[in-house]
Each structure stands twice: as C-alpha cells, then as structure tokens.
1. Going Cα to Cα from B:K142, which lysines come in below 24 Å? Please leave out same-chain ones fewer than 8 positions away.
2. With θ set to phi - 60°, apply the Karplus curve 6.51 cos²θ - 1.76 cosθ + 1.60 along the range A:183-194 and write out the HN-Hα couplings as whole Hz, x wherever there is a Gly or Pro.
3. Computing the accessible area with a 1.4 Å probe over protein heavy atoms, can you report the carbon and sulfur percentage for chain A?
4. What residues qualify as long-range amide H neighbours of A:Y42, i.e. H under 5 Å apart, gap of 5 or more or another chain, H built at 1.01 Å from N?
5. Ballpark to the nearest 100 Å², how much total accessible area do A and B bury together, probe 1.4 Å?
6. Just to confirm, what accessible area per residue do you get for chain A at 1.4 Å probe, in whole Å²?
7. Give the calculated FRET efficiency between B:S127 and B:L243 to the nearest 0.05, with a Förster radius of 56 Å applied to their Cβ-Cβ distance.
8. Given a cut-off of 19 Å, name the pairs among A:K30/A:K71; B:K14/B:K290; B:K199/B:K289; A:K30/A:K69; A:K123/A:K196; A:K185/A:K212 whose C-alpha atoms lie farther apart than that in the structure shown.
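The values are calculated or read from the model by the stated rules, or taken from the named source; none is laboratory data. For clarity, every value in this text was computed on a predicted model and none was experimentally measured. Here Cβ is always computed from backbone atoms with ideal geometry, including for glycine, and neighbour counts include all displayed protein chains. All accessible areas refer to the heavy atoms of the entire protein, side chains included, with ligands and DNA or RNA removed. Shrake-Rupley method; radii C 1.70, N 1.55, O 1.52, S 1.80 Å.
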Amino acid sequence: MSKGSIDTTKPIISLQNVGLRYNGGPEVLKDINLEIKAGEFYFLTGASGAGKTSLLKLMHLAHRPSRGKVKIFGHDLDYMKPDEMATIRRKIGIVFQDYHLLDHLSVMDNISLPLRISGRNEKYIHKHVPELIEWVGLKNFINTKPKSLSGGQQQRVAIARAVINNPEILIADEPTGNVDEDMAKKLLFLFLELNKMGTTIIIATHSTNLIKQFRFPVLHLKDGYLTKE
Amino acid sequence: MFKTDIAFKTDINKGFLPFITAFMVFLASITFATALIGNNLANDWNTHMSNNITIQVLPDMKSKNPQKEIEERIKNITKILQQTPGIKSHYAMNLKETVELLKPWIGDFINNEIDIPLPRIITVETSNIIPVNMRALNDEIKNYSSLIKLETYETWMYEFKKTLSAVQTLLGIIIILILSTTAITISYATKSGLNINKKVINIMHMVGATNKYITNQFSRQMMKLSISGGIVGYMFSCFTIFLIKTFSKDLNDGIIANFQFSSYIYLYILIIPILAGIISKTSATLTIKKELKKMV
Ligand SMILES: Nc1ncnc2c1ncn2[C@@H]1O[C@H](COP(=O)(O)OP(=O)(O)O)[C@@H](O)[C@H]1O
Ligand SMILES: [Mg+2]
C-alpha cells in the first residue's frame, strides 16, 4: 500500500489559527489549532451545533476558513488549484452526516462511485464492491436504491463508499448515529482495521460507549473552541 | 471496460433531446439532399445536353410561298453546318415530323397537305473533341437570315445554374440555421440537465472528481441521447429520399424524367448527422465548462 511511504512525523492535516463564520454571522469555529499526523485516530465530540460538521468540512476542503491556514498533505488550501484539490479529495474518504447518497443510483453504483472517478476498471469494481457490501450486511440490497433503505442501511452504504477506495484519511461525521450498538461496534472495527493499514481517521460521534471502548484521543468542541482530551 | 454513463440523472432530457435532434437532423438532411439533387440534375443535363444545339427556322409570314422558302433555308443552313468544324451530326426535322411534334398543341386539324407555314427545327450534336466556335456560327447564321434562331444549351444552362446556386446558397443558410438551433437547444438541455444534477455534481466533486471528468461524463451522456436522435433523423431522411426516388421512377416518362440521382446521396447526407454530432458535442462541452465554473 502506498500509505507506507507517508512521513508520519509531518502533519497531514494542519489548521493554524482557523476561524469560520457563515455569511458574515458569528464565528462558529474560533482559533482552531490542530495537527493530525498520518496514522492517527481521533474522536471528535461536542454538543449538537458545536461545529463538528463545520470542522470536518474544513478538513475535507468543502469549506474555506474565514481566517487562518488549512493545509492538507502539506498543501496550502490558499494556493490549491482545482485539479490538485480533486486529487487530494480522492485520498479522503468522507462519511457525510446526511449520507449524501445518490438517489437514482443503486447501492452498488453509489459505492462504486469513488472507484470509477479514480479510473478503476469494471473488473476491479465488480470484484471488490460486492465483497464490501456483503461485509456491511447489505448483500440483499446490492441493486436497491437508497430511498428504499432504512437510515441505518443508508449509513452503511455511505461508510462503504467512504472506505472503498482505501483512503489515506477517513473523515466520518456521526457514522454510527443510526445503527444499533452491535453494528456500530462492527463498523468501528472496520475503521480500526483501516487505521492499522495506515489510514488516518477522524470520527465525530456522540457515543460515549464507543469512546470508552476504543480509547482513542478525543477532540472536543465547545463554544467554537477546540480542546484535546 | 470503464463505465461511461455513471451518476447523472438524464430523465428530463431522455425524450426531448433525441426527439429534437432527430427532427433537426431530418430537416437539415432533407434540405441538404435537395441541394444535392439540384446539383445532380444540373450535371445530368450538362452531360446529356451540352452537346446539343437547336436551330429554329421560322417561316416568313409575308412571303407567298413560305414553305418553299423554309426548305430553301434549311438546305442552306445544312450547308453551313457541314462546313463548320466541330459539328458531329445534324438533323432537320421534316414537315411530317414537325406536324407530329406539334399535334398535341395545335390539334388534329392540321395535316401535311394543308399548307400552314410551320417553324422547323434542326437539332445539332456537337463534337466532344473539337470545340465549335459558337459566336462565329451564330454570326454566320444571323448574317444569312434573321428568321433563323440558334439556341445553344449553354445560354439556358447558364441561367439555370445561376438560379440553382442562388437556391443552394439559400438552402445552405437554412442548414446553418437548423444546426445553430440544434447547438442552442443542446446548450439549454445541458443547462437544465446540470441544474437537475447539482447535488450529484457536488457529491462527485466531494469524492474527488475533476471538472474535466464531470464534463466528459456529462457530455458523453448528452451525446448518447442526441446521437440516438441523430440516427433516427438520418434514417427518416434516407427513407424519405428513398420514397421520392421510387415515386419519381414511376413518373419516369413525365416531366421529371431526369429526376434520378445516385444512391451516393445517402452517404453524402451522412455528413449532416456527423456535423450535428460535432456541433452538439462542442455545445454541450462548452456549456458544462461554463456552468461548472459557476458552481465552484
Ligand atoms: N451552511 C451553513 N450556513 C449557516 N450556518 C451554518 C451552516 N452550517 C452550520 N451552520 C451553523 O454553524 C454551527 C455549527 O454547526 P455544525 O457544524 O453543523 O455543528 P454540529 O455538526 O456540531 O452539530 C451551528 O450553529 C449551525 O447553525
Ligand atoms: Mg453535525
């Protein structure tokens, strides 16, 4: 895996004095200073509305900060060209809080999307995607459209899509919010497995159970400020 | 091996786009075919008739014996023709043939015994190898008698060609208009297609698709729709031309006896769907690029 060549001493995500406000409103994130190194595993906690989703969006380049610097894989967002941004995004797996699945595509095609965008051939796709679908327990729904799935099932599709392309960074926004505890644990083990192979992982979650059980460092957001626990 | 039709919703354009391209390609192909057939017709007449000259010998109505004078003139003209280089053959219609020829117009009441002075026609075939000095011949005939008219095919053909090229220019403009309308239509269809797919495009951006990738995929999908329409439009125009051809064959002995054209016409008009394809592709691609820039 190419991740073996990553320098683990340099941060792959770096935020310096970052502030974020929406449309001239108040800052929802204030003075964020954060460095995440390759291979690390973080939980991100905070009350609803604390800014977890906003922070994750900065990390996967869906937003620009109102102030401060964001660097991903050492690339400064301020100087990033569109194609460079696309290349970086292909290395980041994202589980969106509201899944962001494509309604008109089957589970199979939804999960295959990052592979197709990366130019993987269909043979590879038809070998690997069904395996993962079976693993997340959706074998019988491979050709189903997301709208016919339960919230928990959709969440698993979103997770499968995020991990299918072996991302170097996995960003998951409350990925287990809609599944039962057993499935949550199972999914966490999947993340753990990826982490062991070198993927850097940041998971926003409310589940104190998971945090206790997996004992990874916790980033906590409160009143727009970030603290490390 | 690589899937090309991923991700986008094309439902809104699924019926509309193929239909509109089919219609446009049909219109443009038929227009183009008309221009081609005009050309064919002209060339046809050119090769078949350019070697023909018609000489009209008119009767002198004031004369006491016009018939006899006409025979005289015909004899002299024949002499002139024999001495003119480049004349392959010539034939003066006799009175009986002339009466036969005129019967449909004048009716049955004339016959060769009744001495009505009739104009007579000499048909002349010129050589392909030795050119005839038409002006000299014309002058000579005019000098001889003002009652003789020389009609070369060229003077007539010149007028015809002038008209034809004017008509063809007009047809060309119509084709350009049709194709421009196609381009504009494709652009609008692309825009509405992109609008429907805003969320899809956003997600594709999020998972790392480049604008180039999105443009390619999207224009390919638009092309699929418009190509299917183009093929249908082309087939419809071929069918229409085939019908015209078959129909005009039945009229073979009628006025448009020469209204036959080579089957290459089906190949020639293939250029229209191909042109439409190129124009659609360009229009779609440019529109997507422009719209994506707005989205980022
Ligand atoms: N697109 C947006 N436009 C305006 N305000 C937003 C937007 N997204 C989030 N916010 C506001 O930013 C704050 C943090 O939201 P969010 O990052 O979603 O928090 P969390 O994920 O922790 O619940 C909230 O007050 C929310 O209303
Ligand atoms: Mg959130």
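1. B:K142 reaches B:K62, B:K64, B:K68, B:K75, B:K79, B:K88.
2. Those phi angles translate into 5, 4, 5, 4, 5, 4, 5, 4, 4, 4, 4, 4 Hz.
3. On the way: 4960 of 10350 Å².
Within chain A, the accessible surface is 48 percent carbon and sulfur.
4. Result for A:Y42 returns A:I201, A:I202, A:I203.
5. Details: alone 11280 and 18080 Å², together 27410 Å².
Chains A and B together bury approximately 1900 Å².
6. On the way: 10350 Å² over 229 residues.
Using a 1.4 Å probe on heavy atoms only, each residue of chain A averages 45 Å².
7. Numbers: r = 41 Å, r/R0 = 0.73.
Efficiency computed from Cβ-Cβ geometry: 0.85.
8. B:K14/B:K290; A:K123/A:K196
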